[in-house]
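Let me begin by presenting the structure, written as structure tokens, before commenting on it.
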Amino acid sequence: MKRQCIKVPKKKGETVRRILLELEILDNSVKIGSDEAFLYLPLSREPAPDELKNFPEEIEFLKFDFKLQEKKPVPENLLGFSPAYEVIGDIALLEDPELDKQKASRIASALLQTQPNIKTVIKPLTPVIGEFRVREFEVIAGEMRTETIHREYGCRYKVDLARAYFTPRLSTERSRILSWIKEGDTVVDMFAGVGPYSILIAKSKKPSKVLAIDKNPDAVRYLRENIILNSAKNIEAVEGDAREEAKKFAGSADHVIMNLPHSASEFLDSAVLLTKPGGIIHYYGITPEDDLFESSIELIRKAAEKAGRNIKVLDKRVVRSYAPHQYNICIEARIV
């Protein structure tokens, strides 16, 4: 069956597959094709021009003869609707905190029956709260736990979702950041969590050093376990306040990662302090659709000027939709 597809070298296949999943344009009705060197990923539509910048240069669009996918039972077959959930390791997280107990139990039962990789189904009882950015959960079905090991881009992350924040939705973004890092760079991850940015960089880019900071002692405990689990080199886990740690490592960073989108602006002075001349801040924020970037750029500029420095904006992009009329954005700014 001939279908439009993306042809990509196998080493880039997982990256492209995840991008297609996030854009919801991977055609699951047929099997992914392959030969000795390439994968052929079927499309339900071609990416729009503004979506193409997410893809590596090595892709090629063409038609390929695919085999039909053998249909397996899916939750929709049992429920009559498509449940909203995300999978972290072997835990399914129901995304609607307002689900009543009966409906949540139905969804959990359908997931456990049709998804053999899922062992536990949970739902959030609270939003992300507190200085450690955690949520409370209820186990709806399956094994009574919130700890799991999540696999992503060849790395493994052990995490207890009730003790440390983690989302798989930023996997493509974490991979994108790699393109900015060069061998021998010093990277400071100001809000490292269990290490998804820091460990991926340490394993993939041979940096001089990755300094992974977090204030949450549980997150840092898992971060240290994950460094060992992934045999990551040249990475140091630091439990502490990013403001205080910035004073100890002032002027050392080629890259500063600020993945704390709701309150990263409060730490911009410290990020500038960390950055060596010509270093880059990767700033994340949550912004309204009518002011996606300019207010955030002005905050970065003011923090730099306070330190007698200037900025050059290198890139700005929407990472994902966060809420109605609100977006998770990223700005790359060089501090000079």
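Please give me the summed charge of the neighbours of L273: other residues whose Cβ is under 12 Å from its Cβ, Lys and Arg +1, Asp and Glu -1. So the environment of L273 carries a net charge of +3.
Given R₀ = 35 Å, what would the calculated FRET efficiency be for K53 paired with E131, taking r from the Cβ atoms and rounding to 0.05? According to the calculation, E is roughly 0.50.
Relative contact order for the stretch 1-129: what percent, with Cα pairs under 8 Å and sequence separation of 6 or more? Can you show the working numbers first?
Details: 184 pairs, mean separation 31.0, N = 129.
With pairs under 8 Å counted, the relative contact order is 24 percent.
Counting only Cβ charges, +1 for Lys and Arg and -1 for Asp and Glu, the dipole size of the stretch 129-217 around its Cα centre is about 380 debye. Summarising the label geometry, the points placed 7 Å from Cα in the beta-carbon direction at S231 and E86 lie 3.0 nm from one another.
Taking 0.36 nm per residue of sequence separation and removing the Cα-Cα distance, the E239/E76 pair yields an extension gain of 54.3 nm.
Roll a 1.4 angstrom probe over the protein heavy atoms and tell me the percent of accessible area of the stretch 64-211 that is carbon or sulfur. Before the final figure, lay out the partial values.
On the way: 3550 of 7200 Å².
It is 49 percent, rounded to a whole number.
Out of A192, S270, T172, whose Cα points farthest toward the positive end of the dipole of the stretch 152-273 (charges: +1 Lys, Arg; -1 Asp, Glu; placed on Cβ)? Of A192, S270, T172, it is T172.
May I ask for the angle, rounded to the nearest 10°, between helix 196-205 and the longest principal axis of the chain, with both axes built from Cα atoms and the value confined to 0 to 90°? Around 80 degrees separate the two axes.
Hey, what's the chain come to in accessible area per residue, 1.4 Å probe, Å²?
On the way: 16610 Å² over 336 residues.
For the chain, the solvent-accessible area averages 49 Å² per residue.
Of the trypsin sites (Lys or Arg not before Pro) found in the stretch 146-251, those in coil by DSSP whose Cβ has at most 14 other Cβ atoms within 10 Å are K182, K233. Helix 101-114 and the longest principal axis of the C-alpha atoms of the chain enclose an angle of approximately 70°.
Pull out a ≥ b ≥ c, the square roots of the eigenvalues of the alpha-carbon gyration tensor of the stretch 144-255, then state rounded if a/c is under 1.5, prolate if not and a/b is larger than b/c, and oblate in the remaining case. Oblate, because a/c is 1.5 or more while a/b does not exceed b/c.
Is the C-alpha gyration tensor of the stretch 95-168 telling us rounded, prolate or oblate? Criteria: a/c under 1.5 is rounded; beyond that, a/b larger than b/c is prolate, otherwise oblate.
Working: a/c = 2.23, a/b = 1.15, b/c = 1.94.
Taking the square roots of the gyration eigenvalues as a ≥ b ≥ c, the stretch 95-168 is oblate.
Just add up the charged neighbours of T146: K/R +1, D/E -1, any other residue whose Cβ is under 9 Å from the Cβ of T146.
On the way: positive: R145, R163; negative: E147, D160.
Summing Lys and Arg as +1 and Asp and Glu as -1 gives 0.
Short-range pairs are left out: with C-alpha atoms under 8 Å and at least six residues apart, the relative contact order of the chain is 10 percent.
As a test of reading the structure, rank F61, F137 by solvent-accessible area (1.4 Å probe, protein chains only), most first. Working shown, then result.
Details: F61 75, F137 35 Å².
Largest accessible area first, the residues go F61, F137.
Its Cα gyration tensor gives the stretch 1-148 an equivalent ellipsoid, and the semi-axes of that ellipsoid, as √(5λ) in whole Å with the largest first, are 34, 19, 14. DSSP beta bridges fully contained in the chain are about 70 percent antiparallel. Could you tell me how many degrees, from 0 to 90 and to the nearest 10, lie between the Cα long axis of helix 13-23 and the main elongation axis, the longest principal axis, of the Cα atoms of the chain? Rounded to the nearest ten degrees, it is 80.
The values are calculated or read from the model by the stated rules, or taken from the named source; none is laboratory data. If you're wondering where the values come from, they're calculated on a predicted model, not measured in any experiment. Virtual Cβ from ideal backbone geometry, glycine too; neighbours counted across all protein chains shown. We work out accessible area using only protein heavy atoms, side chains counted, and drop any ligands, DNA or RNA first. Shrake-Rupley method; radii C 1.70, N 1.55, O 1.52, S 1.80 Å.
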